[in-house]
Amino acid sequence: MKKTISVLLAAALALSFTACGGDTSYQTASGAGSGEPSGGSGSQAQSASSSAAGYSTTLADIQAKGELVIGLDDTFAPMGFRDENNDLVGFDIDLATAVCEELGVKAVFQPIDWKAKEMELSTGKIDCVWNGMSITPERQQTMSLSDPYLNNKIIVMTNQGVEIADKEDLANYKLGTQADSSALEVIKADSVYDAIKDQLTEYDTYDQVIMDMQAGRLDAMIVDEVLGQYKNTQMDNAFGVASFDFGDDLYAIGFRKGDTELTQAVNDAIAACIESGKAAEVSEKWFGADIMVQ
Amino acid sequence: MDLSYIAALMPALMQGLWQTLKIFALTLVFSLPLGLVFTLGSISRVLPLRWLARGYIWIFRGTPLMLQLFFVYYGLPFLGLTFDRFPAAVLTFVLNYAAYFAEIYRGGIQSIDRGQHEAAKTLGFTPWQTMRLIIIPQTVSRVIPPVCNETITLVKDTALVTAIGVGELLKAAQGAVNRDVNITAYVVAAVIYLAITFVMTMVYERLEKYFSRHQKKEA
């Protein structure tokens, strides 16, 4: 019974960890400079899982089993999603396939629930999270992140007839963004946050934000450029883009905290794909331009 | 609404529907009988058995199904029990629904007049014979409406399995909405869910008529 309780507690901790992604604890952690999280629930879930299961994976392990299991949200266009034949396609799918070729292994794509990605990693169900995942201070604490591979930034997309002059002007409009998103973290870290927080609604997904824009309840959405521009193209560019932005939002691949050797191997393989021009080809295909981080 | 667009959505939605139906059918096949085991346990005169069954029902009715999914899939590996996604989903649903069915059956069994137990006893029936030959046959028609209710809830609960990375109908619709920025797929999914529950309602109506045929004659 005691064991059951401790497992339940570990699960609850892991849950609370994923549920409060926008928690401010990482700011104190990074502010301390020591890289030691100051009692964030994330570190507890991490240690609970690593002591109980202790999964670790090296490049040799991956090559021995012949496959890299890549966790992704398969409803995240244009990075990874299903086409009309229900086949998995997207920028990250093509890039990961090229990188795995470079490593000499097969890319196995495992759809996961995005909110459970930390648990999927720590329980060894997947080898990495590779799905347009933005670098955040919190993820730097809990995962071993690859080098940034895609240039991206946080932008403000405006509804028809809405003109927003600058960041301070945002306080006069109804805003939406996705909960647990990099856009939300960036806004929270911005000095303008206190002024706009009462105007800002958090949604489960950006699809819901867009629906509320279309319903006319929202004036603007704060979103990363790659995703926002893709959606806008699907809607015949119904939304405008404000002239200011919230800065860079770089994508990286997340591995288990201890798997730094595997992380480095994938970094090298990406560099090789950039070298060979394969990465540029994939970027051109999905974004019409080479936006890889060189 | 564009018909050719709906046609283009169908392959993905049908694959999702197939997953939904598999989870639904497997859950029913295993949880309906398992529920009866817990019912008999919860009304047993053997106290440890009764506590075990009631404790089980308390736990599985008392915690969110979503949490149970997380626990079975992510938590049990810590105790050395590792299931794949799909079996983990089905197992959780079976355990959860068995608890609800157990309470529905208990309601049915205890709605039969005490006097019948006494009458059976005077005729020399053992308690088990009484249960099997007299009580349970009469409860079937009484429990069908609440079981039908629970079954319809099950159809919709299957959407929760995406929490552990299993695909199903609603997830397939979400994927299409995400890809095309068009909510048609949600409407189509709703129609499919309605069609399933319509069929279920029909089936249970037939079953109810069939199992209450003797009562009708007496009336």
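The values are calculated or read from the model by the stated rules, or taken from the named source; none is laboratory data. Just so you know, these numbers come straight off a predicted model, no measurement behind them. Positions of Cβ are backbone-derived with ideal geometry, glycine not excepted, and every protein chain shown enters the neighbour counts.
Worth pointing out:
Matching residues to (1) at pLDDT below 95; (2) part of a loop (DSSP other than H, G, I, E, B); (3) over 23 Å from A:PRO111 (Cα atoms):
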{"residue": "B:PRO11", "(1), (2), (3)": "yes, no, no"}
{"residue": "B:LYS22", "(1), (2), (3)": "no, no, no"}
{"residue": "B:PHE30", "(1), (2), (3)": "no, no, yes"}
{"residue": "B:PHE38", "(1), (2), (3)": "no, no, yes"}
{"residue": "B:LEU49", "(1), (2), (3)": "no, no, yes"}
{"residue": "B:LEU52", "(1), (2), (3)": "no, no, yes"}
{"residue": "B:GLY55", "(1), (2), (3)": "no, no, yes"}
{"residue": "B:PHE60", "(1), (2), (3)": "no, no, yes"}
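- Extreme residue, surrounded by the fewest Cβ atoms within 10 Å (Cβ to Cβ), among residues of the range A:68-102 that are at the interface with another protein chain (Cβ under 10 Å from one of its Cβ atoms) and of a type in the set (Phe, Trp, Tyr): A:PHE76
- The number of residues in the range A:126-142 that are in a strand (DSSP E or B) and either modelled with pLDDT of 95 or more or hydroxyl-bearing (Ser, Thr, Tyr) (or both) comes to 4.
So that you can scan it fast, the table gives a plain yes or no per residue for (1) in contact with a Pro (Cβ under 8 Å, 6 or more places away or on another chain); (2) under 22 Å from A:GLU138 (Cβ atoms); (3) part of a loop (DSSP other than H, G, I, E, B); (4) at pLDDT 95 or above:
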position: A:GLN208; (1), (2), (3), (4): no, no, no, no
position: A:ASP212; (1), (2), (3), (4): no, no, no, no
position: A:ILE222; (1), (2), (3), (4): no, yes, no, yes
position: A:VAL226; (1), (2), (3), (4): yes, yes, no, no
position: A:TYR230; (1), (2), (3), (4): yes, no, no, no
position: A:ASN237; (1), (2), (3), (4): no, no, yes, no
position: A:ILE253; (1), (2), (3), (4): no, yes, no, yes
position: A:THR263; (1), (2), (3), (4): no, yes, no, yes
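- Pairs with Cβ under 6 Å, 6+ apart, first in the range A:130-154 and charged (D, E, K, R), second at pLDDT 90 or above: A:ASP147/A:ASN267; A:LYS153/A:GLU225; A:LYS153/A:ASP245; A:LYS153/A:ASP248; A:LYS153/A:ASP249
- Exactly one residue out of B:GLY165, B:GLY124, B:GLY115 is within 14 Å of another protein chain (Cβ to nearest Cβ) and either under 25 Å from the mean Cα position of the chain (by Cα) or loosely packed, with under 13 Cβ neighbours inside 10 Å (or both), and it is B:GLY165.
- Within the range B:168-195, considering residues that are crowded, with 20+ Cβ neighbours inside 10 Å and small (Gly, Ala, Ser), the one farthest from the other protein chains (Cβ to nearest Cβ): B:ALA189
- From the options A:ASN172, A:ASN152, A:ASN131, residue that is polar (S, T, N, Q) and within 14 Å of another protein chain (Cβ to nearest Cβ): A:ASN131
- From B:GLY62, B:GLY41, residue being within 14 Å of chain A (Cβ to nearest Cβ) and more than 19 Å from B:ALA159 (Cβ to Cβ): B:GLY62
- If the condition is being out of contact with any Lys or Arg (no Cβ under 8 Å at 6 or more places or on another chain) and β-branched (Val, Ile, Thr), then the range A:158-216 contributes A:THR158, A:VAL162, A:ILE164, A:THR177, A:VAL186, A:ILE187, A:ILE196, A:THR205, A:VAL209.
- Just one of the listed residues (A:LYS106, A:LYS65) is more than 14 Å from chain B (Cβ to nearest Cβ), closer than 20 Å to A:ALA279 by Cβ and of a type in the set (Lys, Arg), namely A:LYS106.
- Lone qualifier among A:GLY288, A:GLY258, A:GLY254 - being exposed (fewer than 15 other Cβ atoms within 10 Å of the Cβ) and more than 21 Å from A:TYR203 (Cβ to Cβ): A:GLY288
- Hits in the range A:150-161 - residues which are modelled with pLDDT of 95 or more and either surrounded by fewer than 18 Cβ atoms within 10 Å (Cβ to Cβ) or among the hydroxyl-bearing types (Ser, Thr, Tyr) (or both): A:THR158
- Cross-chain or 6+ apart pairs with Cβ under 9 Å, the range A:204-224 first and in contact (Cβ under 8 Å) with a residue 40 or more places away in the chain and within 13 Å of another protein chain (Cβ to nearest Cβ), then in a helix (DSSP H, G or I) and of a type in the set (Ser, Thr, Tyr): A:MET221/A:TYR206; A:VAL223/A:TYR206
- Filtered residues of the range B:69-127 (kept if more than 30 Å from B:ARG142 (Cβ to Cβ), of a type in the set (Phe, Trp, Tyr) and assigned to a helix (DSSP H, G or I)): B:PHE70, B:PHE71, B:TYR73, B:TYR74, B:PHE78, B:PHE86
- Contact map, the range A:49-60: first residue over 11 Å from A:ASP127 (Cβ atoms), second residue outside any helix (DSSP H, G or I) and at pLDDT 75 or above, Cβ cut-off under 7 Å, separation 6 or more or different chains; pairs are A:SER49/A:THR123; A:ALA53/A:THR123; A:ALA53/A:GLY124.
- Counting only residues that are farther than 24 Å from B:GLY55 by Cα and touching a residue at least 24 places away in the same chain (Cβ under 8 Å), the range B:91-127 holds 1 of them.
- Residues being in contact with an Asp or Glu (Cβ under 6 Å, 6 or more places away or on another chain) and outside the structural domain of A:PHE81 (by TED's automatic domain parsing) are represented in the range A:224-233 by at least one member.
- Filter result for B:THR130 (in contact (Cβ under 8 Å) with a residue 24 or more places away in the chain, farther than 25 Å from B:ASP84 by Cβ and surrounded by 13 or more Cβ atoms within 10 Å (Cβ to Cβ)): no
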